[in-house]
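The values are calculated or read from the model by the stated rules, or taken from the named source; none is laboratory data. Just so we're clear, the structure is a prediction, and the values are computed from it rather than from any experiment. Cβ: placed from backbone, ideal geometry, glycine included. Neighbour counts: every protein chain shown. Calculation scope for accessible area: heavy atoms of the full protein, side chains included, ligands and nucleic acids excluded. Shrake-Rupley method; radii C 1.70, N 1.55, O 1.52, S 1.80 Å.
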Amino acid sequence: MRLAFGRCIVFSTSSDKEEEARHFGASQFVDTSQPAILEKYANTCDFILSTVTAGLSWSNYINVLKPDGKLCIVGVPDADIQVSALQLILGQKSVISSVVGSRSEMQAMLEFSARHYIIPQIETYPIHEINTVLERLKKNEVRYRAVLEIG
């Protein structure tokens with residue numbers, strides 16, 4: 001079952017993720033490895049949820065936001081996020097963040113997921129394959145989450 005949240009655009013440097021993104025409900029996929037592609041999306045998004053751990057050209061993503069738009073950071077990039085205060089002020093845009101929710105918020109999320117048949121995307125491995133999992137993580141080959149099973 002897909003939920004309707006309005007138009008959803010996925011921005012990714014990995015074009016091989018397009019099929020999955022559309023399966024999860026994305027109406028559009030943008031391969032950001034193409035030069036200057038983000039310029040075509042200036043002032044088109046109300047909200048951007050960033051889950052990446054890599055450094056990005058954050059000003060390009062701020063430009064993608066509409067006035068009053070928000071860039072929400074939930075991934076932890078390996079370097080500080082650099083944005084222009086003037087770019088935020090003139091565009092009335094903001095950068096926000098979020099952490100894992102409280103116990104009651106997690107319970108509500110799990111109940112919502114169960115009600116709407118939202119199933120996590122995981123790969124499971126026996127504990128003795130931990131080195132294989134670590135290598136796959138280093139190569140960015142794990143899709144979403146790897147779960148180690150004990151016993």
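To put it simply, the accessible area of the stretch 26-151 at a 1.4 Å probe is 57 percent carbon and sulfur.
Summed over the residues of the chain and divided among them, the accessible surface reaches 72 Å² per residue at a probe radius of 1.4 Å. Between the residues L137, I127, W58, the greatest Cα displacement towards the positive end of the dipole of the chain, with unit charges on the Cβ of Lys, Arg, Asp and Glu, is found for W58. Note on the chain: GNM, Cα springs under 10 Å; of I118, I89, I130, the largest mean-square fluctuation is that of I130. For the chain, the relative contact order works out to 15 percent when only alpha carbon pairs closer than 8 Å and six or more residues apart are counted. Applying 0.36 nm per residue to the separation of Q87 and T53 and subtracting their alpha-carbon distance, the gain on full extension is 10.0 nm. Stretching H128 away from T44 to a fully extended chain increases their span by 25.6 nm, per 0.36 nm per residue minus the current alpha-carbon distance. For the chain, a crude dipole built from +1 on the beta carbon of Lys and Arg and -1 on the beta carbon of Asp and Glu, taken about the Cα centre, is about 380 debye to the nearest 20.
Counting only chymotrypsin sites (Phe, Trp or Tyr not before Pro) that DSSP places in a loop and that have at most 14 other Cβ atoms within 10 Å, the longest clean stretch of the chain runs over 25-116. Taking every alpha-carbon pair in the chain and binning the separations at 10 Å intervals from zero gives 9, 30, 37, 20, 4, 0 percent. When L71, L134 are compared by accessible area at a 1.4 angstrom probe, the order from most to least is L134, L71. Think of it as helices only: each DSSP H run of n ≥ 4 in the chain is worth -39500 (n - 2.57), and spread over all residues that comes to -7500 deg cm²/dmol at 222 nm. Axis of helix 103-115 versus longest Cα principal axis of the chain: the two differ by about 80°, to the nearest ten degrees.
With R₀ fixed at 22 Å, the C-beta to C-beta distance from S94 to R143 puts the FRET efficiency at about 0.10.
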